[in-house]
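One structure is given here, and the rest of the page talks about it.
Coordinate-derived values only; no laboratory data. Because the structure is predicted, anything quoted here is derived from the model rather than measured. Positions of Cβ are backbone-derived with ideal geometry, glycine not excepted, and every protein chain shown enters the neighbour counts.
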Amino acid sequence: MNIAVVVAAFNRPESLKRLLASISLAEYNGNKVTLVISIDYQDSGLHAETVAIAKNFEWAFGDKMVIEHQENLGLKKHILSCGRLTATYPAIIMLEDDLSVSQQYYDYTQQMLDKYASDGHIAGISLYAPSWVSIFGKPGRPFIPDSSAYDAYFVQCAQSWGQCWTAGMWDSFYEWFLLHDMKLTPDPEIPGEVTRWPESSWLKYYICYVVKTNKYFVHPYVSLTTNFGDIGMHTDIVNSSGQVPLQNGKMQYRMPGFSEAVRYDVFFERMDLPAFPEIIPSDICVDLYGAKRNITKKRYWLTMDSAPCKVVSSYGLYLRPHERNVISNIQGNDIFLYDTNEQAQISKKNNSGMTKLWYDYKIVSFRNSLKIFLYNLKVRLIRSIPERLK
């Protein structure tokens, strides 16, 4: 499949230069690859510098096209315009300018499309492997997918830090988007933080689309892109929390069929948890990150939170990922399976507060804790100052 590489850039010339350098070092195995650099408009010196870098960049692997937009689209419209390039190319790899790629990113995408391009369960191919859950707001919590015999797993959540869409995947989303643009409301099936994202976000629509149509993004266990967190539309300070290790040197990927894959929902909770064969999956709320709060009133609730309900069983917080403690029946008082149909006093044995903190962050010295606190306080104070006074 002829996969075009599409780079979205806006007023970050050094970021664009870094990304273009990384894609020029990648392996394309003799394929002729079209590179499209789409630059949103702003009347500024940074814009002119960004355009110059794009035009002067030498692409040795195929055709290069630079799209200079003549008006400011904003992030949402800009990415939507890039997605519509699937009308020209059968598939595109979409890269925003603050990313860097592995040398194997293109080969990985080709192999994934060979497997999933025609799979109706799949809404996109992620090149990024998240190491923490960011859609719950800040701070997030670390995320570790359960391992398997394969090199990929499925998440019912779209990705924006390196992704591939076929024309069919994009057309299906865009048709849904046209019906729901500006109509997202709070929904118990969607993390509240997502629906509260600003209207400049295109990603919140793709996430909602994935959930509402019961589709998935294929994610690699080891990432093919990494994010530098440069200052941009939604970030006012450099943030390296999106940096992850890159996959390098791998030649062949093992890809699961739909029934074989480890799967997570949009809350990054394990689906079809193989620990409760006696419970119908639709009767249990798996809520180890605590973002669902069992709002949908499932009878059984698996959580680290305290609740005035009968404890059916309880588990410790030792193995990683956290659902492995439940699957392996590791006893303790950190994770609880409640029967919400039966009321009971809240257990005083719940130790999940501090246990979860140490589990997530392992060792943080007092001095470093103080530095983190003071830094976060400084950032909040800076953000509270009106733009006109800065």
If all Cα-Cα distances of segment 133-219 are sorted into 5 Å bins from 0 onward, what percent lands in each bin, rounded to whole numbers? 2, 12, 22, 26, 19, 11, 5, 1, 0
Tell me, what are the semi-axes, in whole angstrom and largest first, of the equivalent ellipsoid of segment 100-156 as set by the roots of 5 times the Cα gyration tensor eigenvalues? 23, 15, 12
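What ranking do HIS69, HIS322 get, fewest neighbouring Cβ atoms within 10 angstrom at the top?
Details: HIS69 15, HIS322 25.
The most exposed by this proxy come first: HIS69, HIS322.
Quick one: grab the alpha carbon gyration tensor of segment 3-264, order the square roots of its eigenvalues as a ≥ b ≥ c, and give me rounded if a/c is under 1.5, else prolate or oblate depending on whether a/b is larger than b/c.
On the way: a/c = 1.42, a/b = 1.14, b/c = 1.25.
It comes out rounded by the Cα gyration axes.
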If one compares the long axis through the Cα atoms of helix 203-212 with the longest principal axis of the Cα atoms of the chain, the angle in degrees, nearest 10, works out at 50
According to a simple spin-label model (label point 7 Å from Cα along Cα-to-Cβ), what is the distance in nm between THR340 and ARG18? 4.3
Mind jotting down the distance between the C-alpha centroids of segment 23-79 and segment 280-354, whole Å? 48
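What FRET efficiency would be calculated for the residue pair LEU179, ASN214, taking the C-beta separation as r and a Förster radius of 25 Å, to the nearest 0.05?
The pair LEU179/ASN214 has a calculated efficiency of 0.90.
Where a ≥ b ≥ c are the square roots of the eigenvalues of the C-alpha gyration tensor, would you call segment 281-353 rounded, which needs a/c under 1.5, or, failing that, prolate if a/b is larger than b/c, or oblate? Please list the in-between numbers first.
Working: a/c = 1.68, a/b = 1.24, b/c = 1.36.
Oblate.
Placing unit charges on C-beta atoms (Lys and Arg positive, Asp and Glu negative, everything else neutral), compute the dipole magnitude of the chain about its Cα centre in debye, rounded to 20. Don't skip to the end; give the middle numbers.
Numbers: 40 positive and 40 negative charges, 262 e Å.
For this selection, approximately 1260 debye.
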The chain: relative contact order from alpha carbon pairs under 8 Å, six or more residues apart, as a whole percent, is 14
Which of TRP301, TRP132 comes first, and how do the rest follow, when ranked by fewest Cβ neighbours within 10 Å? TRP132, TRP301
By how many degrees, 0 to 90 and rounded to 10, does the Cα axis of helix 167-180 deviate from the longest principal axis of the chain? 70
At 7 Å along Cα-to-Cβ for each site, give me the label-to-label distance between ILE295 and ASN56 in nm. 5.0
Which of GLY168, GLY45, GLY242 ends up with the largest GNM mean-square fluctuation for the chain, with Cα atoms connected below 10 Å? GLY45
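Among PHE143, PHE267, what is the fewest-to-most ranking by other Cβ atoms within 10 Å?
Working: PHE143 17, PHE267 22.
Ranked by crowding around the Cβ, least crowded first: PHE143, PHE267.
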Select from SER369, SER259, SER328 the residue whose mean-square fluctuation is largest in a Gaussian network model of the chain (Cα-Cα springs shorter than 10 Å). SER369
Packing rank of 14-23, 278-287, 96-105, where each peptide gets the mean count of other beta carbons within 10 Å, highest leading: 96-105, 14-23, 278-287
In degrees, nearest 10, the alpha-carbon axis of helix 105-116 is tilted away from the dominant principal axis of the alpha carbons of the chain by 60
Taking +1 at the Cβ of each Lys and Arg and -1 at the Cβ of each Asp and Glu, which of VAL311, GLN159, MET251 sits farthest along the dipole of the chain towards its positive end, judged by Cα position relative to the Cα centre? VAL311
